[in-house]
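Colleague: Pasting a structure below so you can have a look.
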Amino acid sequence: MHKIIKIMMTGIVAIYISGCSSNTSKYGASFENIETLKNYNGVQVAVKPFTSVKSGRSGITCRGVGSVVTPNKESFESYIHNAFVSELKVAGIYKEQSEITLNAHFTEIDFNSNVGNGKWIFELTASSNNDKTLQISTRHEFSTNWVGSTACQQIAQEFSPAVQFLIRDLITNPKFKELISPVKTELVTKI
């Protein structure tokens, strides 16, 4: 009897120690974002891999009940980079080798899972090789449950929509047009 209890306790402890993770969904492109990007007709852009202050992080602890993790455990900045590139491709303005190259550096990728008031938080600086920069601060808010495991699953489910809002905030910013403008070269004429 004691042997069965030990085995059961070992199993329970193993489950508790391993914790539960809530997986974010794969990215689904936003029709609204793609239509906005199509307005930049004639522009072709390349995108460098995105960077982050907390580079390589693929999971964030949520309420002590587990982590919110990206699909395939890719970094959050890589997930966002791939989402952005996928929308550029669908809109027809992505070109791997382009004279205009975009980059983004995240100073914050995080969430808040407070009861009833969840949110994803993104802070980034986008730049291009034409020496233009643009700072974006995006908050995607939604309701969360008071039960930790349910709230963490809600956080995970809202990541893809939050990334859609982040991309929308980037591409609808008036400075984005400057960011993707061709590099100006000065013509010097000798007399």
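Colleague: In deg cm²/dmol, rounded to 500, what helix-only [θ] at 222 nm does the chain give when every DSSP H run of at least 4 residues adds -39500 (n - 2.57) and the total is split over its residues? Intermediate values should be presented prior to the final figure.
Modeller: Numbers: 6 runs with 68 residues, N = 191.
Roughly -11000 deg cm²/dmol at 222 nm, from the helical runs in the chain.
Colleague: Quick one: if you stick a label point 7 Å off each Cα along the C-beta vector at R63 and D131, how many nm between them?
Modeller: Here the modelled spin labels are 5.0 nm apart.
Colleague: Tell me the angle of helix 76-91 to the major Cα principal axis of the chain, expressed in degrees between 0 and 90 and rounded to the nearest ten.
Modeller: 50 degrees
Colleague: Taking 8 Å as the Cα distance limit and 6 or more residues as the minimum spacing, I'd like the relative contact order of the chain as a percentage.
Modeller: Worked out over the chain, it gives 24 percent.
Colleague: Using a 10 angstrom cutoff on alpha carbons, build the Gaussian network for the chain and name the most mobile of F50, F31, F165.
Modeller: Comparing F50, F31, F165 in the GNM, the peak value goes to F31.
Colleague: If you don't mind, there's one more thing I want to ask. Taking the Cα centre of the chain as origin, sum charge times position over the Cβ atoms of Lys and Arg (+1) and Asp and Glu (-1), and report the length of that vector in debye to the nearest 20.
Modeller: 460 debye
Colleague: List, in order, the whole-Hz ³J(HN,Hα) value for each residue of the range 125-132 obtained from phi through the Karplus relation with A = 6.51, B = -1.76, C = 1.60 and θ = phi - 60°; use x for Gly and Pro.
Modeller: 10, 9, 9, 9, 6, 9, 6, 9
Colleague: Under the rule of at least 5 residues apart or a separate chain, name every residue whose amide H is placed under 5 Å from the amide H of A46.
Modeller: Result for A46 returns K95, S98, I100, T101, L102.
Colleague: Among T36, T51, T138, whose mean-square fluctuation peaks in a Gaussian network model of the chain (Cα, cutoff 10 Å)?
Modeller: T36
Colleague: Based on other C-beta atoms within 10 Å, arrange T133, T101 from fewest to most.
Modeller: Details: T133 13, T101 16.
Fewest to most other Cβ atoms nearby, the residues stand as T133, T101.
Colleague: Which pairs in the list K73/K132; K48/K177; K95/K132; K48/K119; K95/K119; K26/K132 are over 29 Å apart, alpha-carbon to alpha-carbon?
Modeller: Details: K73/K132 32 Å; K48/K177 18 Å; K95/K132 19 Å; K48/K119 27 Å; K95/K119 33 Å; K26/K132 31 Å.
As for pairs spanning more than 29 Å Cα to Cα, those are K73/K132; K95/K119; K26/K132.
Colleague: Starting from 0.36 nm per residue, how many nanometres of slack lie between F31 and K95 once their C-alpha separation is accounted for?
Modeller: Numbers: separation 64, 0.36 × 64 = 23.04 nm, distance 2.00 nm.
Contour length minus Cα-Cα distance gives 21.0 nm.
Colleague: A further question follows. Do any cysteines of the chain lack a neighbour Cys whose Cβ is under 4.7 Å away, and which are they?
Modeller: That list is C20.
Colleague: A further question follows. Please name whichever of I136, S160, N23 sits farthest to the positive end of the charge dipole of the chain, dipole taken about the Cα centre and charges placed at Cβ: Lys and Arg +1, Asp and Glu -1.
Modeller: It is N23.
Colleague: Report the full-extension gain for the segment N173 to W146: residue separation times 0.36 nm, less the Cα-Cα distance, to one decimal in nm.
Modeller: Full extension of this stretch gives 6.2 nm more.
Read the figures in this text as sums done on the coordinates, not as results from a lab. Here the structure is a predicted model, which means the values were calculated and not measured. All Cβ positions, even for glycine, are placed from backbone atoms using ideal geometry, and neighbour counts span all protein chains on display.
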